[in-house]
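Here is the structure we will look at, set down as structure tokens.
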Amino acid sequence: MNIKKLGKLALPYLVWMLVLVGIPLLMIFILSFMNTDGVSFAGATWTTAAWEKMFTLADTTNLQILGYTFLTAFVATVICFLIGYPMAYIVARSPFSNKFVILILTIIPMWSNSLLRNVALKNILSESNILDSLLSRIGLSFSIVFANQDQATFISIVIGLVLTFLPFMILPIYTVIEKIDESLLEASMDLGANRVRTFAKVTFPLSMKGVTTGIIMVFLPCFSGFAIQKLLSSGTVYVLGSLIEVNYIHDINFVSMLSIVILVLIFGSMMIVNKVDKEGATLV
Amino acid sequence: MAKKLIELKDITKMYDGTAVVDHINLYINENEFITLLGPSGCGKTTTLRMIGGFEKPDSGEVVMNGAVVNDIPPYERPINTVFQRYALFPHLNVYDNIAFGLRNQKVPKAEIAERVENALKMVSLPNFALRKVANLSGGQMQRVAIARAIVNKPKILLLDEPLAALDLKLRQNMQYELKEMQRKLGITFVYVTHDQEEALTMSDTIVVMKDGVIQQIGTPTGIYNEPKNRFVARFIGESNILDGVYVRQNLVSFMGAEFDCVDTQFADGEPVDVVIRPEDLDIIDAVGAKLIGEVSSSIFRGVHFELCVMVQGKEFVIHTYENRKVGEHVGLRVDSYEIHLMKVEHVEH
Amino acid sequence: MGVRKKEPGRITRYLRRPEVEKVLQSIANVLKYAFFAFFMFLMYLPIIVIAIQSFNESTGLIYQFTGFTFDHWKNVLTFNLDSSLMKAISTTLLVALLATGISTVLGTIIAIGIHSLPQKKRQGMVFLNQVPILNADIITGISLMFVFKIVAEVIPGVFGIPSLLIAHVFFCIPYVVLSVLPKLAELDDNLYDAALDLYCKPAVGITKVIIPAIMPGILTGMLIAFTMSIDDFLISFFNAGQVNNLSIYIYGGYNRRLAPEVYAYNTILSTVIIVALIAMYVSSSLKKRKNLKREPRHA
């Protein structure tokens, strides 16, 4: 469209974003260095108390929580990648008529409430579960037995995260692989590379854009959420998000500090995405 | 007496500080087929868009039927456009595309049906009304785009490189059809192209543009035979351009020899550019010829051979029906009326 | 100079025989699809369990299937639910429908605006637009909560449905924008001019030509917005005030038994969406086939 006048339509959006993104970010930063009563600054003073609550060796509880959060998110992301990449590849390279159906199959779980899915997962992972109850009617049994409670909790959380966020890994990777020109692969084979080499030297590098987006879209919610972890551990495990959940009413300064920890990760990821994907083509 | 339909008076259009169209003056007569010709970036499309009302000139006036129309938006001008790459509405079928303008003008339904049908016949797509636009070939889309414009019976039809996306054969057919259509409809056509052959075949008047400036306005034969400067000579067909001196009336000297000529509007001793078209040079025996050279290459072009002959370190291109061997020494001859002289331009781009 | 090729060994030679290669190829294919099917199955397992639970007669024990019943379905379909679940579901649907509608309209307008900007500004806006998508939901939730807390000083009633709705519109718009932008980029540059040329006023040109031409993108954005809104927990959690949506309701009940109607509701909703999508797909592919039959492509 050639008329520049229409550009004005984007202006209110800029204001809207500044109000709803810019101002709160500024507040988060300032509040993390203060002791305020809610969002009211009356009588507040500058302090690093919130930061000391996390980064202190006197009481490492919060640091341990941070470590545990990172570990679960990291493991879940790696597993999502290891499963999601091949799945995306298989869909993208399958005959055309199947593609839409398979893609819809990938998306359908997203229309079930994700927390309810994790409630159901909790059910399956319990020693006496509904599947077992059904199967026992025909003389079969189904039960997953863990070595101990800690292991059970960790594995349950990772499975929950993986099954919830796997589509967010598959879709962006699928989008880029699908767009790779077949003739590039033919050119590579023509120039003497075998299938494996073609994949390693052509397909995979070209799909990095989707991989980056996928990793971020999986890691960030795994790292910052708390509901799935709470559901699957029956409330026995604390993650970074849980600290926010517990404190968001009473200790807004601590919550702001925790937000900054997450924000640092997010800013890093945004820089990466902005580098590899300027128009946001892999995000939808 | 031809009537002036549109006049561009001292029009300038700037983009980011540079003039894309630079003080041009031009008038278009009723019923004329006028072509704006030039390389890409010469300002021809911008000029067309200002006539259509899609762009406003920064200075100057667009006058239509005696009234200044600078501020009249496109939807109030009696002008329709055939856009580059057609700009057909992808969500509408052929019929609805063509009826689009009529519906916006609140033409009665029955009349719309009749006019659309006639327009489809005009572009020889009689049974295409219900087709999806996406399923048409390039040539068919082109025809729909034309039908969509002419169905509104505009006074002026603007065409922006309408044939650029078609293959050679189709392009040649369409050139002929467009010319026919213009004659039948009696509409003024303003046509933009970078293809000199297209311009020569179809136009009544050609406007050659470069860097936002009009280089020459004339009939196709006028522009071909008497280009005003080196740019026009090079852009319209192939030519050999030589430095020469106008010795005196009917005598010009170049390549160390003197030749009779027919141009007269120069001062004695004035330097001139000499243009000789490749088909105007004849190959003769080297003995006794004024221009002697060695054939450096020969390419068969179908109807003729294209020879390159080196004369005193200067390469001449010659179109001839009889082939000569590479390395052969030949003489070149040119008739006096086929030597065209141009004023020397001091600024050579 | 020739490239020296290593003479293939006996095993390699055997593996390269066409009949062997064919067998290997089909084994690889089977493995490939088995891998895919297995993880697909895992993703569906919780949904299957939800469906089973929606027919489970058991009211006491959570993990026992005591018998088959249609009661939960019947209760959902007759709106015979306990009041907290009823409220949660109606809040979720109300907010999702409103947020989807509002963000679709605004997102489309914004996308047209962004598309018309010069390249530098456009890239800046596209980046800004991605912030809510890439931002962790928890940060978005807290950020909006801060804003609403300030607003609440002036307008005390903001927490609840109003804050929830604004928050959902906020995170839905970027998805609509991102779905519409590529469709705009695909359009012929002259399409809008062509509309003006054919006697459309500027506003009419947009509604009659641009909007229909980018409709697929708008619909995609709408679907994504609805999906995101209906499933949201984190952002709603911090901005719902005293109101519960379905996710908050489920989360709040993590340690006790959920009303069995939740399972029925969830199964019904996803079935409706899936059936609607399949119907759309089938009708569009039927249409396509019909078109192909009627209009053979001309060269």
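Each reported figure results from applying straightforward, stated rules to the coordinates on display, with no laboratory input. In this text, all values refer to a predicted model and were calculated from it rather than measured experimentally. A quick note on method: Cβ atoms are made from the backbone with ideal geometry, for glycine too, and the neighbour counts reach across all protein chains shown.
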Taking the Cβ of each residue in B:Lys228, A:Lys209, B:Lys44 as the centre, tally the other Cβ atoms inside 10 Å and list the residues starting with the fewest.
B:Lys228, A:Lys209, B:Lys44
Give me the inter-chain shielding for B:79-86: mean count of other chain Cβ atoms within 10 Å, whole number please.
4
Alpha carbon centre of region A:188-236 versus region A:58-129: separation in Å?
12
By average Cβ neighbour count within 10 Å, what is the ranking of A:164-177, B:120-133 from highest down?
A:164-177, B:120-133
Burial order of peptide ranges A:146-154, C:203-211 (average beta-carbon count within 10 Å, highest first)
C:203-211, A:146-154
How many nm separate the modelled label positions at B:Ile241 and A:Glu178, each set 7 Å beyond the Cα in the direction of the Cβ?
5.3
Sequence neighbours fewer than 8 away in the same chain don't count; with that in mind, list the aspartates and glutamates whose C-alpha is under 18 Å from A:Lys209.
A:Glu178, A:Asp181, A:Glu182, A:Asp277, A:Glu279
Taking the Cβ of B:Phe100 as the center, what net charge do the other residues with Cβ under 11 Å away carry, scoring Lys and Arg +1 and Asp and Glu -1?
+1
Could you go through region A:202-219 in sequence order and give the Karplus-derived ³J(HN,Hα) for each residue, using 6.51 cos²θ - 1.76 cosθ + 1.60 with θ = phi - 60°, rounded to whole Hz, and x for Gly and Pro?
10, 4, 4, x, 5, 9, 4, 3, x, 4, 4, 4, x, 4, 5, 5, 8, 5
Taking all pairs of distinct alpha-carbon atoms in region C:77-144, Kirkwood radius in angstrom:
15.0
Give me the log10 of I(q) over I(0) for region B:238-343 at q = 0.10, 0.19 Å⁻¹, as the Debye formula computes it from C-alpha points; what are the numbers?
-0.28, -0.90
Computed FRET value (nearest 0.05) for C:Asp189 with B:Glu258, which takes r as the C-beta separation and R₀ as 60 Å
0.60
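Which semi-axes, in whole Å and largest first, does the equivalent ellipsoid of chain C have when worked out from the alpha carbon gyration tensor as the square roots of 5 times its eigenvalues?
Output for chain C: semi-axes of 41, 36, 23 Å.
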Over region B:199-313, what is the relative contact order in percent, taking alpha-carbon pairs closer than 8 angstrom and at least six residues apart?
15
Hey, any idea what the orientation-averaged projected area of the convex hull of chain B's Cα atoms comes to, in nm²?
21.4
Three-way shape label, region C:83-254, alpha-carbon gyration tensor, a/c 1.5:
prolate
Cβ neighbours within 10 Å from other chains - mean over A:23-33:
3
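Go ahead and estimate [θ] at 222 nm for chain C from helices alone: -39,500 (n - 2.57) per DSSP H run with n ≥ 4, summed, over the residue count, rounded to 500.
It lands at -24500 deg cm²/dmol.
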J(HN,Hα) series, region C:75-90, from Karplus relation 6.51 cos²θ - 1.76 cosθ + 1.60, nearest Hz, glycine and proline x
4, 5, 5, 9, 6, 8, 10, 5, 5, 5, 5, 4, 5, 4, 5, 5
Give the order of A:Leu191, A:Leu240 when sorted by the count of other beta carbons within 10 angstrom, beginning with the fewest.
A:Leu191, A:Leu240
Could you tell me the relative contact order of region C:83-254? Use alpha-carbon pairs under 8 Å, at least six residues apart, and round to a whole percent.
42
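Please compute the average number of Cβ atoms from other chains found within 10 Å of each residue's Cβ in peptide C:34-47.
6
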What is the Cα coordinate range of the protein assembly as shown on the first, second and third principal axes, sorted by size from largest, in whole angstrom?
116, 81, 65
Applying a 10 Å radius around every beta-carbon, put A:84-94, B:141-151 in order of their mean neighbour count, most first.
B:141-151, A:84-94
Expected vector for region A:128-140, Karplus 3J(HN,Hα) from phi with 6.51, -1.76, 1.60 and θ = phi - 60°, integer Hz, x for Gly and Pro, equals 9, 10, 5, 5, 4, 4, 6, 5, 4, 5, 10, x, 9
What nm value, rounded to one decimal, do you get for the distance between A:Ile23 and B:Met310 when each label is placed 7 Å out toward the C-beta?
7.9
Taking R0 as 56 Å, what's the FRET efficiency between C:Leu15 and C:Val282 from their Cβ-Cβ distance, rounded to 0.05?
0.80
